[in-house]
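The values are calculated or read from the model by the stated rules, or taken from the named source; none is laboratory data. This structure is a prediction, so every number in the text was calculated from the model and none was measured. Counting neighbours? That spans all protein chains shown, and the Cβs are built from the backbone with ideal geometry, glycine included.
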Amino acid sequence: MNDVIIKKHITDAEIVTLGWGESYKEQEIQLNSKSFQEDAIKGDVEFYLEPIQHWSARGIFDKNKALWGTFIIKTKIGDICFIGDSGYNYTLFKEIGKKHNILISLIPIGAYEPRWFMKPVHMHPEEAVFTHLDLGAKLFYS
């Protein structure tokens, strides 16, 4: 469904759908501006989708039919881990950290109250710090 919405507004978009644990290798990324970041992503860039802890439902009959995920962007200087909407899961984030050489972790914080209701799906600031440590990343943005 998301690809249909994207294509409606960005007709030349290239959309790659991944399942958990799958990867996509991009041979060339076009950049509109020159900057020091350009050197970090020249050449081969790979995208991986890893699981996170959340649930999904867009209608009455489609509970947990869509994937929520963590995107790993592999570059020649290190991996970038962009965690989508997620609750804290020690085991899951440790596994992701072992599998990838994470340089930068981008971790969501928000909508975490009331904890009795939101804990499984949204991280508290302290849990975001734990996630960063579990991933073994060098830099942390939240």
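When segment 125-142 is filtered for residues that are of a type in the set (S, T, Y) and surrounded by 16 or more Cβ atoms within 10 Å (Cβ to Cβ), only T131 remains.
For segment 95-120, the set of residues classified as over 14 Å from the mean Cα position of the chain (by Cα) and in a helix (DSSP H, G or I) consists of E95, K98, K99, R115, W116, F117, M118, listed by residue number.
Check whether at least one residue in segment 57-64 is at pLDDT 80 or above and part of a strand (DSSP E or B), and report yes or no. No, segment 57-64 contains no residue that is at pLDDT 80 or above and part of a strand (DSSP E or B).
So which residues in segment 61-99 are exposed (fewer than 14 other Cβ atoms within 10 Å of the Cβ) and in contact with a Phe, Trp or Tyr (Cβ under 8 Å, 6 or more places away or on another chain), if there are any at all? Of everything in segment 61-99, those that are exposed (fewer than 14 other Cβ atoms within 10 Å of the Cβ) and in contact with a Phe, Trp or Tyr (Cβ under 8 Å, 6 or more places away or on another chain) turn out to be K63, N64, Y90.
Every test in (1) surrounded by 19 or more Cβ atoms within 10 Å (Cβ to Cβ); (2) in contact (Cβ under 8 Å) with a residue 40 or more places away in the chain is passed by I102 save one, and that test is (2).
Among the numbered conditions (1) over 15 Å from the mean Cα position of the chain (by Cα); (2) in a loop (DSSP other than H, G, I, E, B), the only one that M123 does not meet is (1). Only residues that are in contact with a strand residue (DSSP E or B) (Cβ under 9 Å, 6 or more places away or on another chain) and modelled with pLDDT under 90 were counted across segment 72-86, and they come to 5. Quick one: in segment 129-142, of everything that is assigned to a helix (DSSP H, G or I) and within 14 Å of the chain's Cα centre (by Cα), which residue is modelled with the highest pLDDT? Among residues in segment 129-142 that are assigned to a helix (DSSP H, G or I) and within 14 Å of the chain's Cα centre (by Cα), the one modelled with the highest pLDDT is L135.
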